[in-house]
Amino acid sequence: NNNNGGLFVIGSYVEKTSLQVEALFNKTNITAIEVHVDALLDPLRRQREIAQVAAETSTALSAGRDTAIYTSRQLITGENGASSLAIGQTVSDSLIEIVQNITVQPRYLVAKGGITSSDIATKGLGVKRAMVMGQAQPGVPAWQLGPESRYPGMSYIIFPGNVGDNYALVRIKNNLQQENTQQEGTRDAH
């Protein structure tokens, strides 16, 4: 019975994700917290940006607000493939650090983007084993995190970048919200 907000971590840059994120922000009451990629790429500003986003997210979650951390949408690319890859890795590593620095357990976590979701699970949350509970939507697996992880038993939803229609994130948020409302109903029945 975790009354904290749920967390979306959005690291994918594909156009489909951007449209899904836009719908999520327009159609739900989610708290949006932007991660400024230019700050992450500046060694002098990176740690401050990570600390600030983690603190803002912790505050929102503990107030019971569903929250989305998303990377600024204009994609910063390097001069060649290798430097673009390095930028992507810095962003991914920063999202992991943000998750590691959040001080409250989210009610659930939805990670958007293939590399993002894999890295957050293993490096950010220390997941070694998870139980696949099924699919939150077609092509979107839902895990229950194992006892060795930072948040045992929490629902972790892996949302690949290119999957789903424009309202896919909106539906996931609404479904997760309803589940919580139903659980609350059974809990307050006395």
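Per-residue 3J(HN,Hα) values for region 90-96, derived from phi via the Karplus relation 6.51 cos²θ - 1.76 cosθ + 1.60 with θ = phi - 60°, read 4, 5, 4, 4, 5, 4, 4 Hz in sequence order (x marks Gly and Pro). With the simple spin-label model, which puts each label point 7 Å out from Cα in the Cβ direction, the VAL14 to GLN178 separation comes to 2.6 nm. Evaluating 6.51 cos²θ - 1.76 cosθ + 1.60 at θ = phi - 60° for every residue in region 36-44, the Karplus couplings come out as 7, 4, 4, 5, 5, 8, 9, x, 7 Hz, glycine and proline recorded as x. Any idea which of GLY81, TYR156, GLY114 is furthest toward the positive side of the dipole for the chain, if Lys and Arg beta-carbons carry +1 and Asp and Glu beta-carbons -1? So the residue we want is TYR156. Over the chain, the reciprocal of the mean inverse Cα-Cα separation, the Kirkwood hydrodynamic radius, stands at 16.8 Å. Remark: relative contact order (the chain) = 27 percent; criterion is Cα-Cα distance under 8 angstrom and separation of 6 or more residues. Subtracting the Cα-Cα distance of GLN144 and GLN100 from 0.36 nm times their residue separation leaves 14.0 nm of extension gain.
Along its three principal directions, the equivalent ellipsoid of region 1-97 from the Cα gyration tensor extends over semi-axes of 25, 17, 10 Å, largest first. Once backbone amide H atoms are built at 1.01 Å from N, ALA136 has ALA142 as its partners under 5 Å, excluding neighbours fewer than 5 places away on the same chain. In terms of overall dimensions, region 21-61 has a Cα radius of gyration and Dmax of 12.2, 36 angstrom.
The 3J(HN,Hα) values that the Karplus relation (6.51, -1.76, 1.60; θ = phi - 60°) gives for region 56-67 are, in residue order, 4, 5, 4, 4, 5, 5, 6, 7, x, 8, 5, 9 Hz. Gly and Pro appear as x.
Under 5 Å between amide hydrogens, built in the peptide plane, is the criterion, and for ILE157 it picks out LEU109, VAL110, ALA111, TRP143 among residues at least 5 positions away or on other chains. Protein heavy-atom accessible surface, 1.4 Å probe, per residue over region 1-106: 48 Å².
Build a GNM of the chain with springs between Cα atoms under 10 Å apart, and of GLY146, GLY124, GLY78 the one that fluctuates most is GLY78. Under 5 Å between amide hydrogens, built in the peptide plane, is the criterion, and for ALA32 it picks out ALA68 among residues at least 5 positions away or on other chains.
Compute the signed sum of charges (Lys and Arg +1, Asp and Glu -1) over the other residues within less than 15 Å, Cβ to Cβ, of LYS27. Please list the in-between numbers first.
Numbers: positive: ARG171, LYS173; negative: GLU22, ASP66, ASP165.
Net of charged neighbours comes to -1.
Under a 10 Å cutoff between Cα atoms, tell me which one of THR28, THR77, THR116 has the largest fluctuation in the Gaussian network model of the chain. Checking each option, the largest mean-square fluctuation is seen for THR77.
Given a 1.4 angstrom probe, I'd like the percentage of the accessible area of the chain that is carbon and sulfur, rounded to a whole number. Intermediate results must be reported in sequence, preceding the final value.
On the way: 4820 of 9380 Å².
Result for the chain: 51 percent of the exposed heavy-atom area is carbon or sulfur.
Considering every alpha-carbon pair of region 117-159, the percent of pairs per 5 Å bin, from zero through the bin containing the longest distance, is 6, 28, 33, 22, 9, 1. DSSP bridge analysis restricted to the chain gives an antiparallel fraction near 35%, rounded to the nearest 5. By the equivalent-ellipsoid construction on the alpha carbon gyration tensor, region 82-190 comes out with semi-axes of 26, 18, 12 Å, ordered largest to smallest.
The values are calculated or read from the model by the stated rules, or taken from the named source; none is laboratory data. Quantities reported herein were computed from a predicted structural model and do not represent experimental measurements. Neighbour counts are summed over all protein chains in view; Cβ atoms, including those assigned to glycine, are modelled from backbone coordinates with ideal geometry. For the accessible areas, the whole protein counts, side chains as well, though only heavy atoms, and no ligand, DNA or RNA atoms are used. Shrake-Rupley method; radii C 1.70, N 1.55, O 1.52, S 1.80 Å.
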